[in-house]
Amino acid sequence: MKPRTLFIWSSFTLWPLFIAIPFYFGQSASLTIIISIFFLIGWYDLLQTKRSILRDYPVVGHFRYILRAISPEIHQYFVESNTNGVPFDKESIDLINKRSDDKPAFHPFGTERNLYKNGYEWVAHKMFPKDSNFDTLRVTIGGKSCSKPYQSSIFNISAMSFGALGERAVSSLNIGARIGQFSHNTGEGGLTPYHKQGGDIVLQIGTANFGFRDENGNFHDEIFREKSTLDEIKMIEIKLSQGAKPGHGGLLPAAKNTPEIAKIRMVQPYTDVFSPPTNAEFDSPKALAAFIDRVRKLSGGKPVGIKLCIGNKKEFLELITVFKDEGIFPDFITVDAAEGGTGAAPVEYTDYIGMRGEEALKFVDEALRELGLREEIRVIYSGKVFSGFTLLKALCFGADVCNGARGFMFALGCIQSLRCHTNRCPTGVATQDETLQNGLVSQEKSVRVANFHKNTLKAFTDIASTLGVSSLNELNSSLIHTTYSKIHERLRKREK
Ligand SMILES: Cc1cc2nc3c(=O)[nH]c(=O)nc-3n(C[C@H](O)[C@H](O)[C@H](O)COP(=O)(O)O)c2cc1C
Ligand code: SF4
């Protein structure tokens, strides 16, 4: 008998029995109530028209939806190995957690990775390595036109807005940045009281000018001047695009758009708030150069940069050529990898749009060198930088400084449950829900954030000393080796 027929049959035979028995024997009706709820759900399933599974499999069909809803957890707890989880595998998450807890991050018995896989990257150690005494792990950002250069750590917190993250997460990040003396980017949601916890701040101008806009959404010079000249603001970043959703803009869902966020962003509360794919203040390289100049002057001469995910190489070359011709340079360019993170984005954008980080970073570094702009413009890189090796690799491939977003989210307690867009983040990181945020204790998490930063830099200097490197200037791409199979190597040579 088909489940649908079985259900209809039993609701005319078994259900009346369960109603009749307690009355006949004078027993409690609680079982009757429970069974009746099941039958009522079943009849609702049969009669609704949206979900075929429920019409064909009344009641039991719900298990399919329940299992789908908890599939990230099932996958993480029972299916994933230590090295095949995505976007971050268990081994990497454990590493970040141990570093955040200031515990040794040792691994027993040997590697679990396949070192013979095509494209596997590794570095060659010195035969007689010495302890590395790095002269500095800071880089000066600020070219000729900048009167207030910033001494940046080589590893900082990447842009994540208040809105995407809750207030406790934002405060914890900033306190962590203060303890560890590195910088914290506001993201496109603007400056909030939660950012002002004493840590250095990079103020981001998003495509919707949130926090610095007039009633029509246009950039407002005076409001921007007021905020950007605050002492704790060390640099300004103009966002062109983000690796996880280049050319798409963003959405703050109505559920997350609380009156407080709406006030800070200067929008209507409890409405879906869209940021456009591009800022209306500039629609060409020349206009962007003029905007950089305007923003730098308004901020009183602080370093101003742009953030983008590389798409069309020709467009980028045109952009930097215009910078050169106009004599107006950004102080830094942040290259965001296509594999970068987001609070929410359409899946086609996260999966198929934008250049992968490593390729983009090498391209930007080379392009700036070719035009003789490398001394003028610093390169910041973001894209899964969360360990000593990933930091070293990015610096070898051309970055001066790296930013991390999701690594710092793990330090805040994120468990990769992949619900950042629902306002139901179970760890209180990416939610505005106060009850869920109760789980996140800022005093604890800010120390974890600082520990993660400190121990990642320590791991970086340890690896560097193993390579015989004792200065940031000595890092270059020849230090990174890549394993290719013979067939692959032949194909690569033929491509060249
Ligand atoms: C929750 C979340 C919110 C983000 N918000 C912003 C944002 O407001 N502006 C921006 O430029 N990038 C934003 N990003 C992108 C990150 O700043 C970063 O560029 C990207 O995630 C790559 O770094 P990662 O691989 O270390 O996460 C966000 C990322 C995440 C995960
Ligand atoms: S734990 Fe929170 S922040 Fe982390 S992935 Fe899940 S929803 Fe996003």
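At a glance:
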| item | result |
| --- | --- |
| Relative contact order of the chain, pairs being alpha-carbon contacts under 8 Å that are 6 or more residues apart, as % | 19 percent |
| Span from the the stretch 232-308 Cα centroid across to the the stretch 173-209 one, whole angstrom | 14 Å |
| With all protein chains modelled, accessible area of Ile70 [1.4 Å, Å²] | 70 Å² |
| Distance between modelled label sites at Ser147 and Ser28, nm, 7 Å Cα→Cβ extension | 8.0 nm |
| Where chymotrypsin sites (Phe, Trp or Tyr not before Pro) in DSSP loops with at most 10 other Cβ within 10 Å are excluded, longest remaining stretch of the chain | 117-496 |
| Candidate aspartates and glutamates for bridging to Lys454, where Cα separation is under 15 Å - those fewer than 8 sequence places away on the same chain excluded | Asp101, Asp102, Asp462 |
| Inter-probe distance in nm under a simple model that places probes 7 Å from Cα toward Cβ, at Asn438 and Tyr65 | 2.8 nm |
| Rel. contact order, % - alpha carbon contacts under 8 angstrom, at least six apart, the stretch 1-105 | 17 percent |
| At most 14 other Cβ within 10 Å, DSSP loop - trypsin sites (Lys or Arg not before Pro), the stretch 47-110 | Lys50, Arg51 |
| Candidate residues Ser465, Ser28: accessible-area rank, largest first, probe 1.4 Å | Ser28, Ser465 |
| Extension reserve of the Arg51-Asn133 stretch, reckoned as 0.36 nm per residue once the Cα distance is removed | 23.1 nm |
| FRET E, pair Asp462, Asp94, Förster distance 22 Å, beta-carbon r, rounded to 0.05 | 0.75 |
| Two-site FRET efficiency, Ser477 against Arg4, from Cβ-Cβ distance with R₀ of 41 Å, rounded to 0.05 | 0.05 |
| Where Asp200, Asp272, Asp325 fall by accessible area, highest first, once all protein chains stay in place (1.4 Å) | Asp325, Asp272, Asp200 |
| Quarter of Cα convex hull surface for the stretch 245-379, i.e. mean projection, nm² | 9.1 nm² |
| Viscosity 1.002 mPa s, temperature 20 °C, Stokes-Einstein D of the chain from Kirkwood C-alpha radius, µm²/s | 85 µm²/s |
| Cα-Cα over 29 Å, subset of Lys117/Lys314; Lys98/Lys384; Lys103/Lys148; Lys126/Lys458 | Lys117/Lys314; Lys103/Lys148 |
| Candidate residues Cys414, Cys402: accessible-area rank, largest first, probe 1.4 Å | Cys414, Cys402 |
| Helix-only [θ]222 nm of the chain, DSSP H runs n ≥ 4, -39500 (n - 2.57) each, per residue, nearest 500 | -12500 deg cm²/dmol |
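The values are calculated or read from the model by the stated rules, or taken from the named source; none is laboratory data. Everything quoted here is computed from the prediction, not taken from an experiment. We place every Cβ from the backbone using ideal geometry, glycine too, and count neighbours over all the protein chains shown. Accessible surface areas use protein heavy atoms only, side chains included; no ligands, DNA or RNA. Shrake-Rupley method; radii C 1.70, N 1.55, O 1.52, S 1.80 Å.
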